[in-house]
Amino acid sequence: MTTMLGLQLTARRVLVVGGGPVAARRVQALLADAAEVVVVAPQVCEVLLDLHRWGLIEWRVREVEEADLDGAWLVHTATGDRSTDAAVLAWATARQTFCVDAGGADGSARTPATTQQGDVLLGVVSAGAPDPGRTVAVRDALAEHLREGRVDLRRRRTHPGRVVLVGGGPGDVGLLTLAGRRALAEADVVVTDRLGPVAVLDELAPGVEIVDVGKTPGHHPVPQHEICRLLVEHAQRGRVVVRLKGGDPFVYGRGGEEVLACRQAGVAVEVVPGVSSAFAAPAAAGIPLTHRGTVGAVHVMNGHDGWSSAALAGLRDGSCTVVVLMGVGTLAALAGEALDAGVDPTTPVALVEDGTLPGQRVTRAGLADVVDVAAAAGVRAPAVIVLGAVAAAGLLGPDGDTPRTAGASGPGATGTVTMAS
C-alpha cells in the first residue's frame, strides 16, 4: 500500500547521495521547492557542479557516511551502487527518516511524476514495483486535462478572492487560450460579454455563477462603473471572478479600467491575454494585414474615435493597413472623412462580420462605394473593417477570397463575398 503525502520542504535539509544525472534531476526539483540541499559524492556532473559554484547547494566531496544524515528531513540515494544505496537506506530506516531509493523498490518513499496547475500539484506513483515510464505517461495524460481546463479547480474552502481578466478571442472557442480555459476552471463567478467564446459557458461546472453584462450598439444595460463594482464585490466575498471578454482585454476592452478598480479596492487582479479580433478576423478571412511588397505597417483604431492624422496619411500613401473596430455604425462618417482628406476613392475596403464563427461573411468594395454596398448587403456588427491594398480580393490568389475560421473547434465558415466594381 502506497499513501500519497505532500511534504513541505522549504528551508528544510534534504540529503542527496550521488552525483550523476539522476541525482541532478532530484536536486533541481528540490531547489524548486526551496529545500536546503546537501549533496554527498566524490564526483558530480556539470549541472551539480554549477549549482555548487553558484552557492545553491552544499557539496561534500567524499563517500557518504552515516553522520551525513544528521538533521535531514528526507534522503535521496542515487549512486548507482547497490551496496551504497542499501547502506544509506538502512541508516535512514534506523533514524525513522524517509528515504527515496532511485535505483530500486526498497525505499520508504517514492518521488512521483508531477504536474502543476496554479496551486494544485498532481503526483502519480506506482503502488507496486516502480515503473517510471508508466507513471510519466499517466501524468502527461492528466496534465492535458488540467491544461485544457477540463477539471473543476474551484476552491472548496474559504480563500482570498481575486479577479482574472480573460481575453476570450474573437468568438471561436478553439481560439480561447489554454491559460484562459484554466482560469475558467477555477472560477466561482464568470462576468461575461455577449462577444467572444460564449459557447464555452456551457462547459462550466454546475454552480458557477454567470453574470451577463453584454453590450449591444447603443444599448449598455450594465454601465462600466457597475461592471467594476461587480468584480470588486464578488472578489471581496472570497470568490475567484473571471471577467470573460471578447478579443484581448487591453485592446478596446476597457480592461485597464477594471484593473485600476480592483487595485484601488485592494483586490488581487491578473490578466490573461487574448487573440484580438483586430488580427484574428482578417486572418480568418484570408486577409494578411502586412504583406511583403505591398504594405508593412498596421494601424488599429476605434471607429467611434474618428480618424487620426497618422491613419489617414498611411492610407493616402499606401504605407499602412488600417483596421477599424466598432466601426459599422460610423462607416458613413469614416468613409466621407477619408475621401475628404484625399484618400483614393478606389482604396479597397473589406468588412468581416462574425469573424472566425460559422456565420462569418466578408463584404468588399472600394472606399467610394463601401457605404452603399454594405447597406445593400445588410452588414451588421460585430464586424472588423480593413482598409488598404491587402483588403482587395485575390491578393493571395484563388484561395484569398475564401473566408474561413482559424480555430480548431468548428467547421470553416463559408460566408458571402460581395464586390463593387
Rounded to the nearest 10 degrees, the helix 21-32 long axis (Cα) sits at an angle to the longest Cα principal axis of the chain of 70 degrees
Can you show me the helix-derived [θ] at 222 nm for the chain, built from DSSP H runs with n ≥ 4 at -39,500 (n - 2.57) apiece and divided by the number of residues, rounded to the nearest 500.
-8000 deg cm²/dmol
For a test of the definition: using alpha carbon positions, the gyration tensor, and the 1.5 limit on a/c, classify the stretch 162-275 as rounded, prolate or oblate.
rounded
Could you work out the relative contact order of the chain? I mean the mean sequence separation of Cα pairs under 8 Å and 6+ apart, divided by the number of residues, in percent.
11 percent
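Rounded to the nearest 5, what % of the DSSP beta bridges within the chain are antiparallel ones?
The answer is about 35 percent antiparallel.
Place a +1 charge on the Cβ of each Lys and Arg in the chain and a -1 charge on the Cβ of each Asp and Glu, then give the dipole magnitude about the Cα centre in debye, rounded to the nearest 20.
So the magnitude is around 580 debye.
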Per-residue counts of other Cβ atoms within 10 Å, averaged by peptide: what ranking do you get for 133-139, 38-44, highest first?
38-44, 133-139
Per-selection metrics, the stretch 13-111 (Cα): Rg and Dmax in Å
11.9, 34
Two decimals is fine: what's Rg over Rh for the chain, C-alpha atoms, Kirkwood radius as Rh?
1.15
Theoretical FRET efficiency, 1/(1+(r/R0)^6), r = Cβ-Cβ of V136 and D33, R0 22 Å, to 0.05:
0.70
The rounded separation in angstrom of the Cα centers of the stretch 247-274 and the stretch 340-360 is 30 Å
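Would you mind calculating the gained length between V211 and A297 on full extension (0.36 nm times residue separation, minus the Cα-Cα distance), in nm to one decimal?
Computed gain between V211 and A297 is 27.1 nm.
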Rank by packing, highest mean first: peptides 286-296, 355-365, with packing defined as the count of other Cβ atoms within 10 Å averaged across residues.
355-365, 286-296
Relative to the longest principal axis of the chain, what angle (0 to 90°, nearest 10) does the C-alpha long axis of helix 224-236 take?
10 degrees
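FYI, it's all coordinate maths here, none of it is from the lab. In this text, all values refer to a predicted model and were calculated from it rather than measured experimentally. A quick note on method: Cβ atoms are made from the backbone with ideal geometry, for glycine too, and the neighbour counts reach across all protein chains shown.
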